[in-house]
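*Asks:* If you scroll down you'll find the structure; I have some questions about it.
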Amino acid sequence: MKKIFTLFVMLAAVLGMQAQDKYVVAGAETLTGENWNADTEVNVMTTTDNGATYTLQKTGVKLKAGNNYEYKVVKDADGNKTWYGTGEDGNANYTVAVAEDGEYTVTFKFDVANTVASAETLKTGEATFEDDVWTLVGSSVLCGKSWDLEDADGVNQFITTDKVTYTLVKEDLILEAGTKNEFKIALNHSWDVAYGKNGTKDNNELTVDETAKYKVTFTFVNDETHLLTAVAEKTGEAVVAEKTWTLAGSGLELFGGEKEWDPENTANDMTKISDGYYELIKHNVNLEAKDYQFKVCANHGWDESYGDNGNNMVMTVENAGAYDVIFTFLSESKTLTAELADPTGINTVKENNAKTAVIYNLQGQRIQEGYRGVAIQNGKKFMMK
C-alpha cells in the first residue's frame, strides 16, 4: 500500500511539473546570447519553489558601464506567449546597467504572483571593449538607407572628442513640411543598445514646417539621460517629387499578393483623383467576418506611413460576404478612410471612419461636374439629372 501511495505522489509531482508554464528571458544579445529570442531553450528559467519564483543565471556576460541592456520575461503556455515588462502598462523593457566595465554573472528572477522581474549583477572579472561606434538609424530621407544598422560606408557614424557628447551633421537633406522623419541611435551596429525619444527606445521624430533643403545636426549625450536631439537649419529651396501612395494591410483576400503588409505590391497603388486626393476601389471582394487592419505608405516603403494617429486603421466586417471596398486618402491632412458597400452599389453595408462626399458611377469611377445618370455616394445609389 505504501508503494502505491508513493507511486501516486510521484505521478502527481510529474504531472504538476508537466503542467507548469515555461518562462524565458528574452532581450539584448549581450545579456542573453540571442537577440530577443523567446523561443530559445538556452534562456529558459527554472524554479525551486514549485513555480512561485523562476530564475536564470548567465555567466561571462561582458557589460559596459553606462549602457542600458534591455530584457523582458516571456511566459510560454502551450505556445501562447505573454511578455512581462515594467512601467504602468508593463510594456516597457527592464534594464541592466553596471557602474564598471567588466565580466559579470547576471541572475534574473521573476516573481510569478506579482509578475515582477529583477536582475542582479556580480562582477567576476575584467573585460576589454573596442571603441564604441554610434550610428544614426532611421528613415531613408535622413540616413540615405532605410533603417540600415550596418552603415557600411560610415556616412551615419557620430563623432566625439570626449566620449560623452556625439554629433553628426547631415547636409542638403530635402525635408517635406509636416512629414515625420523617424530615427534612433544604435551602438556598435546592433539593437542591443539603442536610444530614441527622451532616452527611451521609442523612435525620435524630426518634423519641419516648410518644405526645403536643410542642414540637420544630430546630438547624442551618452550619460544617464541618453538624450538624442536633431536641429534642422534651412539652407535652400526644394521641391518634393510627387509620391506614390500604396495600401498595405492584413488579409490576402483583400490586399492580394504573396504576403500581408506588403508596401511593394503595386496592385494596391492608389489613384490620384485630384491634388491631395487619392483612392483605391476593390470590387466584389469576398471578405471574412473579422477586423482588417491597414495603413497607407509612401513610395513602396515604410519610411512614411499613415493610419489612425500612428496606429493601424481598422475596418470591421460584421458579416462575411462579397463587398466593394472604397479606400480614400487625403495627403495634406493625412486622413485615411475605408468604406464597405454592397457590390451592386445599392446600399452601404458598413461605414468606417469619416464619410466622403465623393460621387462615383457604377464602374467605381469618380464623377465629374455635369454627369448625368445613376450614381453612388457613400454607397447609396441615386439618379443625377
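*Asks:* Any idea what the relative contact order of segment 22-77 is, in percent, if you count C-alpha pairs under 8 Å spaced at least 6 apart?
*Replies:* 47
*Asks:* At a 1.4 Å probe, what is the % contribution of carbon and sulfur to the accessible area of segment 287-329?
*Replies:* Numbers: 670 of 1850 Å².
Taking all protein chains in place, segment 287-329 shows 36 percent carbon and sulfur surface.
*Asks:* Can you give the accessible area per residue of segment 163-265, in Å², using a 1.4 Å probe?
*Replies:* On the way: 5010 Å² over 103 residues.
Computed with neighbouring chains in place, this is 49 Å² per residue.
*Asks:* Residue by residue, what Karplus-based ³J(HN,Hα) values in Hz, rounded to whole numbers, does segment 182-195 have, using 6.51, -1.76 and 1.60 with θ = phi - 60° and x for Gly and Pro?
*Replies:* Result, ordered by residue: 8, 7, 9, 10, 10, 9, 6, 6, 8, 8, 3, 10, 8, 9 Hz.
*Asks:* Something else now. Full-extension gain between Lys259 and Glu205, please, as 0.36 nm times their residue separation minus the C-alpha to C-alpha distance. Mind showing how you got there, number by number?
*Replies:* On the way: separation 54, 0.36 × 54 = 19.44 nm, distance 2.88 nm.
Value of the extension gain: 16.6 nm.
*Asks:* Can you list the residues, at least 5 places off or on another chain, whose amide H is less than 5 Å from the amide H of Thr179, using H built in the peptide plane?
*Replies:* Val208
*Asks:* Right, something else. Could you work out the relative contact order of segment 151-271? I mean the mean sequence separation of Cα pairs under 8 Å and 6+ apart, divided by the number of residues, in percent.
*Replies:* 21
*Asks:* Subtract the Cα-Cα distance of Asn80 and Asp269 from 0.36 nm times their separation in residues, and report this length gain in nm to one decimal.
*Replies:* Numbers: separation 189, 0.36 × 189 = 68.04 nm, distance 3.58 nm.
Residue separation times 0.36 nm, minus the Cα-Cα distance, leaves 64.5 nm.
*Asks:* Counting other Cβ atoms within 10 Å of each Cβ, which trypsin sites (Lys or Arg not before Pro) in segment 269-323 have at most 15 and sit in a DSSP loop? Intermediate results must be reported in sequence, preceding the final value.
*Replies:* Numbers: sites: Lys272, Lys282, Lys290, Lys295; in loops: Lys290.
Answer in residue order: Lys290.
*Asks:* Right, something else. Using Cα pairs closer than 8 Å and at least 6 residues apart in sequence, work out the relative contact order for segment 23-166, in percent. Display every interim value, and only then the final one.
*Replies:* Details: 271 pairs, mean separation 26.3, N = 144.
Relative CO of segment 23-166 lands at 18 percent.
*Asks:* Restricting to DSSP loop positions (anything but H, G, I, E, B) with no more than 14 other Cβ atoms inside 10 Å of their own Cβ, which chymotrypsin sites (Phe, Trp or Tyr not before Pro) remain in segment 229-291?
*Replies:* Details: sites: Trp245, Phe255, Trp261, Tyr277, Tyr278; in loops: Trp261.
When the chymotrypsin sites (Phe, Trp or Tyr not before Pro) of segment 229-291 are filtered for loop state and at most 14 Cβ neighbours within 10 Å, nothing remains.
*Asks:* Tally Lys/Arg at +1 and Asp/Glu at -1 over every other residue whose Cβ is under 10 Å from the Cβ of Ala77; what's the total? If you can, show how the numbers build up before the last one.
*Replies:* Values: positive: Lys22, Lys75, Lys81; negative: Asp21, Asp76, Asp78.
Taking every Cβ under 10 Å from that of Ala77, the sum is 0.
*Asks:* For the residue pair Ala52 and Glu233, what label-to-label distance in nm results when each label sits 7 Å from Cα along the Cα-to-beta-carbon direction?
*Replies:* Using points 7 Å along Cα→Cβ, the separation is 6.3 nm.
*Asks:* For Asn284 and Asp153, compute 0.36 nm times the residue count separating them, minus their Cα-Cα distance, and round to one decimal in nm. Before the final figure, lay out each step's value.
*Replies:* Working: separation 131, 0.36 × 131 = 47.16 nm, distance 4.90 nm.
Between Asn284 and Asp153, full extension yields 42.3 nm more.
*Asks:* I'd like the FRET efficiency for Lys22 and Thr59, computed as 1/(1 + (r/R0)^6) with the beta carbon distance as r and R0 of 22 Å, rounded to 0.05. Intermediate values should be presented prior to the final figure.
*Replies:* Numbers: r = 22 Å, r/R0 = 0.98.
It comes to 0.55.
*Asks:* If you don't mind, there's one more thing I want to ask. What are the ³J(HN,Hα) values, in whole Hz, obtained from phi via the Karplus relation 6.51 cos²θ - 1.76 cosθ + 1.60 with θ = phi - 60°, for each residue of segment 166-179 in sequence order, with x given for Gly and Pro?
*Replies:* Using θ = phi - 60°, the values come out as 10, 9, 8, 10, 10, 9, 6, 8, 8, 10, 9, 4, x, 8 Hz.
*Asks:* Further question on the same structure: With θ taken as phi - 60° and the coefficients 6.51, -1.76 and 1.60, list the Karplus ³J(HN,Hα) couplings across segment 303-320 in order, rounded to whole Hz; mark glycine and proline as x.
*Replies:* 4, 10, 8, 9, x, 10, 6, x, 9, 5, 6, 10, 10, 9, 9, 7, 10, 4
*Asks:* What do you get for Rg/Rh over segment 180-294 if you use C-alpha atoms and the Kirkwood form of Rh? Provide the component values of the computation, followed by the final result.
*Replies:* Numbers: Rg = 19.8 Å, Rh = 18.0 Å.
When Rh is taken as the Kirkwood radius, the ratio is 1.10.
*Asks:* Additional query: Step through the table entries Lys58/Lys295; Lys213/Lys282; Lys64/Lys170; Lys145/Lys334; Lys75/Lys145; Lys145/Lys272, compare each Cα-Cα distance with 32 Å, and write down the pairs that go over it.
*Replies:* Lys58/Lys295; Lys213/Lys282; Lys75/Lys145
*Asks:* What GluC sites (Glu not before Pro) does segment 140-201 have in DSSP loop regions with at most 12 other beta carbons within 10 Å?
*Replies:* Values: sites: Glu150, Glu171, Glu176, Glu182; in loops: Glu150, Glu176.
Hits after loop and neighbour filter: Glu150.
*Asks:* With a point put 7 Å past each Cα toward its Cβ, work out how far Val169 is from Asp308 in nm, to one decimal.
*Replies:* Going from the Val169 label point to the Asp308 one covers 4.5 nm.
*Asks:* Roughly speaking, to the nearest percent, how much of segment 49-201's 1.4 Å accessible area is carbon and sulfur? Numbers along the way, then the final one.
*Replies:* Working: 3500 of 7820 Å².
Ligands and nucleic acids excluded, carbon and sulfur reach 45 percent.
*Asks:* Less than 9 Å Cβ to Cβ from Val208, Lys/Arg counted +1 and Asp/Glu -1: what total charge do the surrounding residues give?
*Replies:* Values: positive: Lys234; negative: Glu176, Asp209, Glu210.
It works out to a net charge of -2.
The values are calculated or read from the model by the stated rules, or taken from the named source; none is laboratory data. Predicted model, so just to flag it, every value in this text is computed and none were measured. So basically every Cβ, Gly included, is an ideal-geometry build from the backbone, and we count neighbours across all protein chains shown. To get the accessible areas, we keep the full protein, side chains included, count just its heavy atoms, and leave off ligands, DNA and RNA. Shrake-Rupley method; radii C 1.70, N 1.55, O 1.52, S 1.80 Å.
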